[in-house]
Amino acid sequence: MTPSSNDDSILSVTQLTGLIKTLLEGSFPNIQLKGEISNYRPNASGHLYFVLKDSQSQISAVMFRGRAATLNFVPKDGLLVQVRGSVSVYGPRGNYQIIISSMTKAGAGDIMEMIEERKKKLAAEGLFDSSRKRQLPFFPQRIGIVTSPTGAAIRDILQITRRRNPKASAIVFPSIVQGEEAAPSIIRMIEIANAYSMCDVLIVGRGGGSLEDLLPFSDEGVVRAIAASEIPVISAVGHEIDWALSDFAADQRAPTPSAAAELAVPLLSDIEQSIEVSRNEMHESIQGKLEHLRLMLKTFTPESMELQFRHIEQPLSMRFDSARENLALNMQNLLQAKKVFVEQCTQTLNNCNPQTIFDRGYSMVTDEEGKVVRNAKSLLPGAKIRIRPAEGSISAEVLTVGE
């Protein structure tokens with residue numbers, strides 16, 4: 001049987017939602033829950049929106065500004081918390097949520113604990129050391145982008161790249177960025193970009209999402225692929241408050257994909273200005289050197305050359321004259337010394353000449369055999385002797401011998 005249009009048993013969506021709201025809110029006015037924060041989204045009004053989850057289920061949660069002001073910690077994805085509140089149904093969307101009145105920390109969530117352990121392990125291997133970081137190229141001609149080809153991130157990056165430098169080209173390496181297949185896909189794209197040197201700088205990232213959505217960028221394999229990349233890498237994961245382990249392994253971290261594009265692509269006007277400054281500096285340097293050479297060439301006139309030659313010649317000539325005078329003086333002193341020496345030797349020889357002794361009145365006596373008589377006792381009376389005075393000789397005979 002088909003019910004009529006005025007049948008009172010037919011409920012509108014609003015009526016059904018109202019009944020569910022009454023049942024739920026009346027049944028769970030004050031409950032306590034323990035779960036892990038995920039997809040944390042603070043509102044500009046001060047309200048906090050997030051999801052509470054465990055290993056199998058999740059529930060939407062909201063903490064209004066007045067209650068949020070009493071918190072003594074800053075909520076974040078992955079934090080394990082204990083909350084008190086009431087279940088409510090949000091009619092416009094037809095979903096239920098818990099309105100939190102108080103919240104305390106209960107420890108680190110499973111995902112955050114896993115990421116922290118992985119972070120410590122990779123940091124101990126030196127994958128996050130600042131000494132490994134490289135400078136981004138000043139004028140990259142090709143920008144590589146590892147991200148989803150259909151997401152908002154790629155549109156923002158391409159738009160900013162075209163605006164900042166139309167001469168730079170972009171190469172999109174399409175990748176899955178969420179779910180179990182995301183990490184192998186990201187790794188494969190990074191390896192392809194490096195294997196064929198397809199770009200000058202590589203942006204690896206995606207738009208915002210929950211902690212689970214961003215988990216592939218904290219995958220150990222992704223971190224190692226970024227650390228091993230020969231191409232400088234910019235990690236651009238989520239919004240400014242989001243982070244992943246890829247941020248620590250990359251050469252630079254950008255708070256958003258749009259910021260990554262601004263880091264990777266310098267403004268064309270800045271590049272042109274830098275080139276112009278370098279050109280002017282080079283021109284001024286060359287002009288300065290040419291002017292210096294002109295001033296030097298002006299000094300090479302015949303008169304200046306003669307003057308410079310005289311400046312070189314005069315000290316040498318003075319040294320030569322001084323050396324010549326010193327040589328002549330030394331030779332004169334040497335000859336004088338030799339002359340004195342010869343005269344001394346001559347005087348010594350003259351003093352030792354027997355003739356000189358004879359000339360002073362002495363005579364030499366020899367026996368018949370020609371031997372010099374030095375002792376009278378060596379002669380006997382009657383012996384023949386010869387006397388040698390200064391001039392001539394005398395033959396004589398010994399009459400007597402005395403002492």
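Structure above, values below:
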read-out: Nearest-ten-degree value, helix 302-352 long axis tilted from longest Cα axis of the chain; value: 40 degrees
read-out: With DNA, RNA and ligands ignored, accessible area of SER148 (1.4 Å probe; Å², nearest 10); value: 20 Å²
read-out: Part-to-part distance (alpha-carbon centres) for the range 161-220 and the range 305-330, which is given in Å; value: 80 Å
read-out: Filtered GluC sites (Glu not before Pro), the range 57-156: DSSP coil and at most 13 other beta carbons within 10 Å; value: GLU125
read-out: Loop-located GluC sites (Glu not before Pro) in the range 211-293 whose Cβ has at most 12 other Cβ within 10 Å (DSSP); value: GLU230, GLU240
read-out: Carbon and sulfur %, accessible surface of the chain computed with the full protein complex present, 1.4 Å; value: 55 percent
read-out: Compactness relative to 2.2 N^0.38 Å, alpha carbon Rg of the range 276-387; value: 3.20
read-out: Chymotrypsin sites (Phe, Trp or Tyr not before Pro), loop per DSSP, at most 14 other Cβ atoms within 10 Å - longest free stretch of the chain; value: 197-299
read-out: Net charge, VAL401 excluded, C-beta distance under 15 Å - Lys, Arg +1, Asp, Glu -1; value: 0
read-out: Cβ-placed point charges (K, R +1; D, E -1), dipole of the chain about Cα centre in debye, nearest 20; value: 600 debye
read-out: The range 190-294: relative contact order as a whole-number percent, Cα under 8 Å and 6+ apart; value: 24 percent
read-out: Of (i) 21.8; (ii) 61.2; (iii) 19.7, the label for mean projected area of the Cα convex hull in nm² derived from the coordinates; value: (ii)
read-out: At most 10 other Cβ within 10 Å, DSSP loop - trypsin sites (Lys or Arg not before Pro), the range 42-123; value: ARG93
read-out: Semi-axis lengths, Å, the range 231-288, gyration tensor of Cα atoms, sqrt of 5 times eigenvalues; value: 36, 12, 7
read-out: Average Cα contact separation per residue, the chain, under 8 Å, 6 or more apart, as relative contact order %; value: 9 percent
read-out: Partner lysines for LYS121 [C-alpha distance under 17 Å; skip if fewer than 8 residues away on the same chain]; value: none
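The values are calculated or read from the model by the stated rules, or taken from the named source; none is laboratory data. It should be emphasised that the depicted structure is a prediction, and the values quoted were computed from it without experimental measurement. Because the Cβ atoms are built from the backbone with ideal geometry, glycine has one as well, and the counts that use them run over all protein chains shown. Surface accessibility is based on the protein's heavy atoms, side chains included, excluding ligands, DNA and RNA. Shrake-Rupley method; radii C 1.70, N 1.55, O 1.52, S 1.80 Å.
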